[in-house]
Structures are given as structure tokens and as C-alpha cells.
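Just below is one structure, and these are the notes that go with it.
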Amino acid sequence: MQGTELVLKALQAKGVKYIFGYTGGAIMPVFDEMEKQQHFSFVMPRHEQGAAFMAQGLSRASLSTEHPQVGVCMSTSGPGAMNLVTGIADAHMDSVPIIAITGQVATGVIATDAFQESDVVGVMMPICKQTYMPLAAEEVEKTIHEAFYVATTGRFGPVVIDIPKDVQLQQTAPDYQFNPRSFRPRLPGFYYHPSPERDVLHRAIGMINRSERPVMFCGHGVIASNAGAMLQEFAEKTNIPVAFTLHGLSAMPADHPLSLGMMGMHGTIEANRAVMNADLIISFGMRFDDRVTGKLNEYARNADVIHVEIDPSELDKNVATTVAINADVYRTLHVMLSDPELVCKPRRRWLKEVEANRRTMQESMATELEKGVGQEGKLLMKSIVSRLSDLTEGRDIVVPDVGQHQMIAARFYNFQTANSWFASGGAGTMGCSLPMAIGAKLARPDERVWSISGDGGFQMNIQELGTVMQLQVDVKIMILNNGYLGMVRQWQTLFFDGRYAGTPMQSPDYELIAKAYGIPYRKVTLLDEVEEALRFAIDHQGPCILEFICDPSEIVLPMIPAGGGFGDMIVSNQAE
Amino acid sequence: MTAKPMKRRAILAFVQDKPGTLNKISSLVRRKMYNVDTLTVCKAKVPGVSRMTITLREDDEAKVTQVLRQVEKFTEVIRAKELERDHSYWREVAIVKFELEEKQFKKLQQRYQLEVLDRQPHDIWIVQIAGPTDRLDGFLQDLGSEHLIEIARTGVTALEK
Ligand SMILES: Cc1ncc(C[n+]2csc(CCOP(=O)(O)OP(=O)(O)O)c2C)c(N)n1
Ligand SMILES: [Mg+2]
């Protein structure tokens, strides 16, 4: 068999249905074989970065379905592969399993600076989980199977396979054999430690039983191991409130009485105060990123820390643990839940304190939410997202971009569906939303998907409207247009004396853009048009674009300034 | 004011003998800004496996644990551990070319057990010296930099007792 056939055979064996790809010289043979076979649904982005984010959307959204799929993106060598870089680095930061297959120039000319040659393996190595370059047709199938294994085992991550053109065209030796069913990758250095050890678990349970003011952290690992329901059960059984990282959101219903909402830089008062005053932190599947912890030497000073994490290199990296549990979150919760020694304390005083903080939070937002508009009667993002949340009863899939609208969506959407929130967290890549939403919709066609972008981020991958148009992917696109790179503007307001360097931004006429792509469009400037526009999007079969004209002076609060401690939390805005 | 020199550590890693392994380790060192002094690689007893010895300066135990975990995280790294100073031998070799009068040379040779590789006219010597790092450093100090012409050092390799 030819290398190209083996590429597709391996992808098919791995259950791949969609290929997000953009052709070019060095990958043409694979595309040609794809055309012959007609087995895959081919999705063409309008930029390779779009392909990487679509692959992410597919992987992330399908993770919780009966048939998880791994997103596959494909590009040609040189510029094609380099355009994938941002999306792959983003997947690496957020532990998303995707496979990137890049064409490479033929082995005979590698390292001669051949036309469209880039050192893809060299570039990708530090920004993905693993890289491969098969050098013979016989290696292709094995490599792809191993790549899927590595991407989806332990802590997830992107894997890159760079295939020289001559290897794609090579025929295997006549005695070539490969049995995917009996194939086990030989990786002596690849550790995967899913089961928690008994003694550490017992110590953890003892600490939980003794604690008076415990708080649980729900990170991406809870989503990745489909452990949301179990986390909720554990919280209910022990009366321990749960704070979420950006990626932990939607693991549990957002309005659950024990949910504290998001913690960290733009976290809620109740979450951040609980962290500050806790005597015990039980953290599941997260990595104590600086947006979560703020100043490390002031972080949770009175708390012991139990850290459950599949990646041992995250343990004790930023925050010293009292008990480190290197294991899968699902399995750990499962064992802990059935441990007869686990005590169920009412923790009334602690929960009362949480309730009081929750009220403070609500009160601080009440006026704005009720008014719904800011300066010059322009819309507040929080009122738009709240209305969206109410109308959809929090059940839809939300894919934000990066900026103020993202933090506001995280805070004001009342998530009810498990695994329904796909954001770029670790990298914070503007432009991710539209392509990621396309991937999510393909993974979960029966659910409604909202892509929420700012005017800045939307223009970064605006070209993917072409993909929406061509495939009629039913994504409801919301542009929260405040005429600024709002999140940066917010920092300028708060920390740079209101000098708005490089943040005012003009937008094209989105109505004309929508028209050019044949996508229905509504513009919303008044508060009482919001609901109607959202209803229009809900009722309309197929993609549509809603543009909301927003108040640029809206500030996302609360906020812990970068490098600050939890004591520095800004709750109300006096600056503007 | 000069900072107190940090404690020297040695990490031994068994890694798969594959292209890219060394690249990954060295880029990790750069990315995480570890204070690495030496890094040596050689074949291990098992075919397809290399042993890598890394020496670095670090006082903070937690940081050393982080280095170990980050190194172990690579698929290509089979095992990594820290070598205790008292339970292992750390050695390196240097080839040194210098200019020195014979009388002084003899003194040094006796003290440091130099193996003479070559003697050239005008009091030029090429010698080999092996041993712990501080012995090599001691020799170089006694020799004096004004006499030194060129030096090649292997970096540390280590073995547990
Ligand atoms: C690719 C990229 N470039 C720059 C940034 C820095 N950045 C973070 S948020 C932001 C502003 C986003 O503006 P917009 O998309 O309009 O959203 P808003 O904050 O106004 O809601 C910028 C520039 C980034 N996160 N990603
Ligand atoms: Mg904006």
C-alpha cells in the first residue's frame, strides 16, 4: 500500500470522520487519496489556524458524547504548517487532544531550504505534546496510531505528524503487515498513572474530615475525565463548595447552591473569599495558573492543599501541596466517594459565610444588571449574556473569544449542560471562537452553539465565515462590538491613566459582511431589541450573525490586578 | 556583594536514543532557565538507551523536584533521578594545552597525576587530567590562566555507588 492510503486507513481506524484541511504541494497526495476514497467529511477552513481551532472544537465538544472524536487538521509544508502553530500552541496550553498532519518536502531535499520547507518538528516540539516524522511508508500507520494514543492518554495534548512527500508516495514492502487491534505503542518513558494510591488517599480523606472551611476546585481535568456529576455528588455529600477555573465551568450546574462560580483574576467574590479563608483546598485537575492564584506568596495562606492531577509535573509546581495525588480525577473521586471513612459534616457556618459573600456579589452587580445599559445608553455585555442565558435556560453550548466578553460570558451564563463551554484559557488566543464553534457544532449537531466574539477577535478569524457559508454550519454568531480591544482598554483605564494606546478599533459594516457571505444578520443597539434578536437567532434554522453595540466603558469586575493578591480584589469601579 | 554559590546537583536520566531527545532536554533547560553547568550523554548498557548526566546549581529542593518531573514528562525519558553526592562518583576529563617550564611542570604533574599526551618545543605541554570537578579546577588555578593555551573539558558523568 501507498503511504497516503495508510494515513487514511489509520485515521479511519481511529474513528475520524472530519478532516479540517487546507491543501498545498506537500500534502496533495493525501488530499488526492481522500478524494478517491470519499470516506471523510472534508472541511476547508479559510486559514490553517481555523483548521486547528475547528479540530479543537470537535475534540472538546465530542469528549462527553458517546463517540468521542479526535479533531484532525491537515496542512501543507512551510507556510501551511506555520499557520497551524497558534492553534496547536493553544491546544497544548489547554490540554486538548488534536492531531495535526503536515506535509513536508521530500526527504531528499530536507535541510536544503527547499521551496516551502520549514523545520516543522523543530518549531512544534516545544508547543505540542509529541512530534513525529515517519521516514518510510511502513512507519506511517504505526506512527498515527501511536500519535492518537499519546494525544488522548494521560493529560491530553496536540500531536504533530510531519510526513515527507516521498514517504506519502512510497509503497510498503510486500510483506508489510500492521494489525491495529493488537498494536500497543512501545513507550517505556510514557507514564500514565490513573489510579490513586491508597495511603495518600487516606490522608486526604482524613484532612477533608477534619477541615472546617474546605473548598473544592474544579479544573479542566474534571471535564476531561467526564467527572462533573461525580464531583457534584462529592460536594453534596460533604457540603463542600466548589470554585471553578475557566475550563472547569459547566462541569456542574452554575446555579447549584454549592457552586461558587469562577475563581481567580475575574472570579466571583464568593469564590475568591472562600479560597482566601479556606483551611483546606481540594483541587481537581488544574494547574494553579497565575490567573487563578494571583500573587503566589499570599495565596491561600491558611489552607492545606490536596491536589489531584494526572500530570505529575504539575504537582508542587506553583503551589506546594500537603497531599499530592497523581491520578485521574474520575477514578479518584470514585474511590473517595465510596470510602466509608468519609464523614458528612453540615459545615453550616462556613456555608453561611459563602452565602453572605454571594449576596455581596449579587448586590454589587444588581444595579447594572437591572439598568442593562451603560454610558450613552449603550448595551452592557453582562445584560446581553444574562438574557441569552435566560432565554436558552443555560442549556446551550457557548464558545467565547478572548477579552471582556469572554470573562462576562464565563460569569453570566448559567451553565446547565455538562461540557458546554469551550474557551481559550492558557493561551488566550483571540480569534479562536468562530472556528472552535464550527468544530463544536459538528461534534454536537443537535445542540445550539453560540460563538461570542468581541469586535477585535472576530476580525482575527473573520475569514471563517466562508466555512460557515459553504457548509451552512448552524452557528449563532454574536459580535459584542464595543469599538475597542476592550480588555486591554480596561487595563488602560485602571492602570495606565486612561491612555488608550492601540485599542480603539474600527469595524467593517458587519451587515455588508454578512450579506456578502449570505448569512442573515441583525444589529442591536437598544436594550429592548436584545431579546427579540436572540429569539430570532434561536428560531432561525442555520447560521446567523447578531451584532450588539456595546458600551466601551464597561469594566469586568471583580478584578484582582495581575500580580496582586486576593486582598487586592477590586469590586467596584471608581476610575471612570 | 557576591551571592553564595548554589549547591551543585547531578541528575541522571535514562533516555531513548532518538533524534530530538537532546533537543527537548536542552530546550527545556533554556525555557525554564535552569542553571545547568554540564550535560553529557553516552550509550547505556541497554541498546537503544542513552544515559544523560546533567549537573546544575540549585538550592531549592522543590525546584530540583520540578526539574526532575519536567524531564521525566518527556515520552523519550525512561527514568530520571537525582544522584546524592555521597552515594555517587562524579567525574570529568580535561585535555589541557599550556606553556610551562619543566621544573614547575613536574610539581604540578606530581600533585595532579597528569598524563602527558604531547610535549612540544618551547615548554608546551598537552596533558590529560581526570577526576572530580574541583580537582580539575584546582589544577587550572595552580597552573594560572597566563600559562593556559587551550582547554577541552568533557563535562560531568556520574555513577551511583
Ligand atoms: C492573538 C491575540 N493578540 C492579542 C491578544 C491580547 N488581548 C487580549 S484581550 C484583547 C482585546 C480583545 O478585544 P475584543 O476582541 O474586541 O474583545 P473585548 O475585550 O472588547 O470584549 C487583546 C488585544 C490576545 N489575547 N490574543
Ligand atoms: Mg471589543
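The values are calculated or read from the model by the stated rules, or taken from the named source; none is laboratory data. Here the structure is a predicted model, which means the values were calculated and not measured. Methodologically, a virtual Cβ is constructed for each residue, glycine included, from the backbone with ideal geometry; neighbour enumeration extends over all protein chains shown. The protein model used for the area step is the full one, side chains on, heavy atoms only, and it has no ligands, DNA or RNA in it. Shrake-Rupley method; radii C 1.70, N 1.55, O 1.52, S 1.80 Å.
The table that follows gives values for the structure above.
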read-out: Matching option when the condition is more than 14 Å from chain A (Cβ to nearest Cβ), open to solvent by 70 Å² or more (accessible area, probe 1.4 Å) and part of a strand (DSSP E or B), among B:Arg79, B:Arg91; value: B:Arg91
read-out: Listing of strands (runs of 3 or more DSSP E) fully contained in segment A:254-351 that carry 3 or more residues being free of Cβ contacts under 8 Å to residues at least 12 places away in the same chain; value: none
read-out: Only one of A:Ile144, A:Ile163 that is away from chain B (no Cβ under 14 Å) and assigned to a strand (DSSP E or B); value: A:Ile163
read-out: Residue list for segment B:28-76, filter: at positive phi and within 13 Å of another protein chain (Cβ to nearest Cβ); value: B:Gly48
read-out: Exclusive hit being open to solvent by 30 Å² or more (accessible area, probe 1.4 Å), at pLDDT 95 or above and not assigned by TED's automatic domain parsing to the domain that holds A:Ile101, set A:Phe178, A:Phe190; value: A:Phe178
read-out: Residue list for segment A:446-469, filter: more than 7 Å from ligand 1 (Cβ to nearest atom) and part of a helix (DSSP H, G or I); value: A:Gln459, A:Ile462, A:Gln463, A:Glu464, A:Leu465, A:Gly466, A:Thr467, A:Val468, A:Met469
read-out: Answer residue from segment A:128-142, given it is acidic (Asp, Glu) and surrounded by fewer than 23 Cβ atoms within 10 Å (Cβ to Cβ) and is nearest to A:Ala52 (Cα to Cα) among those; value: A:Glu139
read-out: Verdict on A:Gln492 being more than 10 Å from ligand 1 (Cβ to nearest atom), more than 20 Å from the chain's Cα centre (by Cα) and either farther than 20 Å from A:Gly542 by Cβ or of a type in the set (Lys, Arg) (or both); value: yes
read-out: Subset of segment A:294-312 that is open to solvent by less than 50 Å² (accessible area, probe 1.4 Å) and at pLDDT below 95 - its residue that is farthest from the other protein chains (Cβ to nearest Cβ); value: A:Gly294
read-out: Qualifying residue in segment B:3-26 (condition: closer than 25 Å to A:Met124 by Cα and away from chain A (no Cβ under 14 Å)); value: no
read-out: Subset of segment B:41-61 [surrounded by fewer than 16 Cβ atoms within 10 Å (Cβ to Cβ) and under 16 Å from B:Lys81 (Cβ atoms)]; value: B:Ala44, B:Glu61
read-out: Lone unmet requirement of (1) in contact with a Gly (Cβ under 6 Å, 6 or more places away or on another chain); (2) without any contact (Cβ under 8 Å) to a residue 60 or more places away in the chain; (3) at positive phi for A:Asp113; value: (1)
read-out: Residues of segment A:145-175 that turn out to be within 26 Å of A:Thr86 (Cα to Cα) and either open to solvent by less than 50 Å² (accessible area, probe 1.4 Å) or under 21 Å from the mean Cα position of the chain (by Cα) (or both), as a count; value: 21
read-out: Criterion (exposed (fewer than 12 other Cβ atoms within 10 Å of the Cβ) and either among the polar types (S, T, N, Q) or in contact with a helix residue (DSSP H, G or I) (Cβ under 9 Å, 6 or more places away or on another chain) (or both)) met by exactly one of A:Gly502, A:Gly483; value: A:Gly502
read-out: Selection count, segment A:539-556, where residues are open to solvent by less than 40 Å² (accessible area, probe 1.4 Å) and farther than 22 Å from A:Pro504 by Cβ; value: 5
read-out: Filtered residues of segment A:443-475 (kept if among the aliphatic types (A, V, I, L, M), open to solvent by less than 30 Å² (accessible area, probe 1.4 Å) and away from ligand 2 (no atom under 16 Å from the Cβ)); value: A:Ala443, A:Val449, A:Leu465, A:Val468, A:Val473, A:Val475
read-out: Selected residue [farther than 16 Å from A:Glu464 by Cβ, more than 16 Å from ligand 2 (Cβ to nearest atom), open to solvent by less than 30 Å² (accessible area, probe 1.4 Å) and in a helix (DSSP H, G or I)] from A:Ser95, A:Ser77, A:Ser59; value: A:Ser59
read-out: Some residue of segment B:129-140 being among the hydroxyl-bearing types (Ser, Thr, Tyr) and in contact (Cβ under 8 Å) with a residue 12 or more places away in the chain; value: yes
read-out: Qualifying residue in segment A:192-205 (condition: away from every other protein chain (no Cβ under 14 Å) and part of a strand (DSSP E or B)); value: no
read-out: Some residue of segment B:130-138 being surrounded by fewer than 20 Cβ atoms within 10 Å (Cβ to Cβ), within 14 Å of chain A (Cβ to nearest Cβ) and closer than 23 Å to B:Ala13 by Cα; value: no
read-out: Subset of segment A:115-133 [at the interface with chain B (Cβ under 10 Å from one of its Cβ atoms) and either of a type in the set (S, T, N, Q) or closer than 17 Å to A:Tyr149 by Cα (or both)]; value: A:Lys129, A:Gln130, A:Thr131, A:Tyr132, A:Met133
read-out: Single residue of segment A:411-440 satisfying the filter (within 12 Å of ligand 1 (Cβ to nearest atom) and either open to solvent by less than 10 Å² (accessible area, probe 1.4 Å) or in a strand (DSSP E or B) (or both)) that is nearest to A:Ala366 (Cα to Cα); value: A:Ala423
read-out: Number of positions in segment A:418-437 that are touching a Gly at 6+ places or on another chain (Cβ under 8 Å) and under 11 Å from A:Leu249 (Cβ atoms); value: 3
